[in-house]
Amino acid sequence: SQQGEEDPQALSIQEGENATMNCSYKTSINNLQWYRQNSGRGLVHLILIRSNEREKHSGRLRVTLDTSKKSSSLLITASRAADTASYFCATDERNAGNMLTFGGGTRLMVKP
Amino acid sequence: GAGVSQTPSNKVTEKGKYVELRCDPISGHTALYWYRQSLGQGPEFLIYFQGTGAADDSGLPNDRFFAVRPEGSVSTLKIQRTERGDSAVYLCASSLRGKNTGELFFGEGSRLTVL
């Protein structure tokens, strides 16, 4: 089963625009992570935000976490064609042991 | 190489056959995970090892699926009597042991096609 639901499922933007992806989840978490997957490749970790954090930045990435709404967002600023990929949120659920539960992903296309 | 290595990268088999998929994690990573990813979906948890033992196998879909990690390093996912519905990309990931689940390092996956 999948805990997270990403929104939108697909997003198409022009290079230079910002891309925002949202993730909602159902249970209490220790942390929430975002991963990127290029077509036919493995997943690559982007950023981790702990349950007691509200916002985190890494380069052009900005992640927010609202535990009261059980939601997170990933913002990619000044997008590039190379950002084209699928993006997944994953939660470390508090009572589920040591593993991550992934959402269905957002497929981002950045047109040059 | 320093990353997670999975073999084979592609496997085509016939319904009913037995399949083994191998994962070589990052050296020193005590935690190892198997996930399954169907087309257009997110990864779905199968099993988690801490050292040699399966700490959580709640994601294995049925008893045709089994995984081992006898020396706490390389792991093998075994699928008996394969069915067409087993077709998917099987992803392996490893991580350092911590209080909570930290960053997972994924391999490129093994794409299984059951005809």
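What follows is calculated from the coordinates using simple rules that are stated; it is not laboratory data. The structure displayed is predicted, hence computed values, not measured ones. In this analysis, Cβ positions are derived from the backbone assuming ideal geometry, glycine residues included, and neighbour counts consider all displayed protein chains.
Averaged over peptide A:29-37, the number of partner chain Cβ atoms lying within 10 Å of each residue's Cβ comes to 3. Here the protein assembly as shown is treated with +1 on each Lys and Arg Cβ and -1 on each Asp and Glu Cβ, and its dipole about the Cα centre works out to around 120 debye. Once both labels are positioned 7 Å from their Cα atoms along Cα-to-Cβ, the gap between A:ARG50 and B:TYR18 label points is 4.7 nm.
In sequence order, region A:79-92 has phi-based couplings of 4, 10, 4, 5, 7, 4, 4, 9, 10, 10, 9, 9, 10, 9 Hz under the Karplus curve 6.51 cos²θ - 1.76 cosθ + 1.60, θ = phi - 60°, and Gly or Pro positions carry x.
Among B:VAL89, B:VAL12, B:VAL74, the residue with the largest mean-square fluctuation in a Gaussian network model of chain B, with springs joining Cα atoms closer than 10 Å, is B:VAL12. The lysines within cross-link reach of B:LYS11, meaning a Cα-to-Cα straight distance under 19 Å and a gap of 8 or more places when in the same chain, are B:LYS78. Our analysis of region A:61-112 gives Rg over Rh at 1.05, with the two radii drawn from alpha carbon positions and Rh computed by the Kirkwood formula.
Each residue of region B:106-115 was assigned a 3J(HN,Hα) from its phi angle through the Karplus curve 6.51 cos²θ - 1.76 cosθ + 1.60 (θ = phi - 60°); the sequence is 9, x, 7, x, 10, 8, 9, 10, 10, 8 Hz, with glycine and proline shown as x. Taking the square roots of five times each eigenvalue of the Cα gyration tensor of chain B, the equivalent ellipsoid has semi-axes of 23, 14, 13 Å, listed largest first. Considering only GluC sites (Glu not before Pro) in DSSP loops that have at most 16 other Cβ atoms within 10 Å, the longest stretch of chain A without any of them is A:54-112.
Please get the size of the charge dipole for chain B, origin at its Cα centre, with Cβ charges of +1 on Lys and Arg and -1 on Asp and Glu, quoted in debye to the nearest 20. It would help to have the intermediate numbers written out before the result.
Values: 13 positive and 12 negative charges, 41 e Å.
Dipole size: approximately 200 debye.
Which log10 I(q)/I(0) values, to two decimals, does the protein assembly as shown give at q = 0.09, 0.18 Å⁻¹ under the Debye formula with one point per Cα? Cα-only, vacuum Debye calculation for the protein assembly as shown: -0.36, -1.32.
Within region B:6-61, the GluC sites (Glu not before Pro) that combine a DSSP coil assignment with at most 10 other C-beta atoms in a 10 angstrom radius are B:GLU14.
In order along region A:10-16, the Karplus-derived 3J(HN,Hα) couplings, from 6.51 cos²θ - 1.76 cosθ + 1.60 at θ = phi - 60°, round to 9, 9, 10, 9, 8, 3, x Hz, and Gly and Pro are given as x. The aspartates and glutamates within cross-link reach of B:LYS15, meaning a Cα-to-Cα straight distance under 17 Å and a gap of 8 or more places when in the same chain, are B:ASP63, B:GLU83, B:ASP86. Partner lysines whose Cα lies under 20 Å from the Cα of A:LYS26, excluding those fewer than 8 positions away in the same chain, are identified as A:LYS69, A:LYS70.
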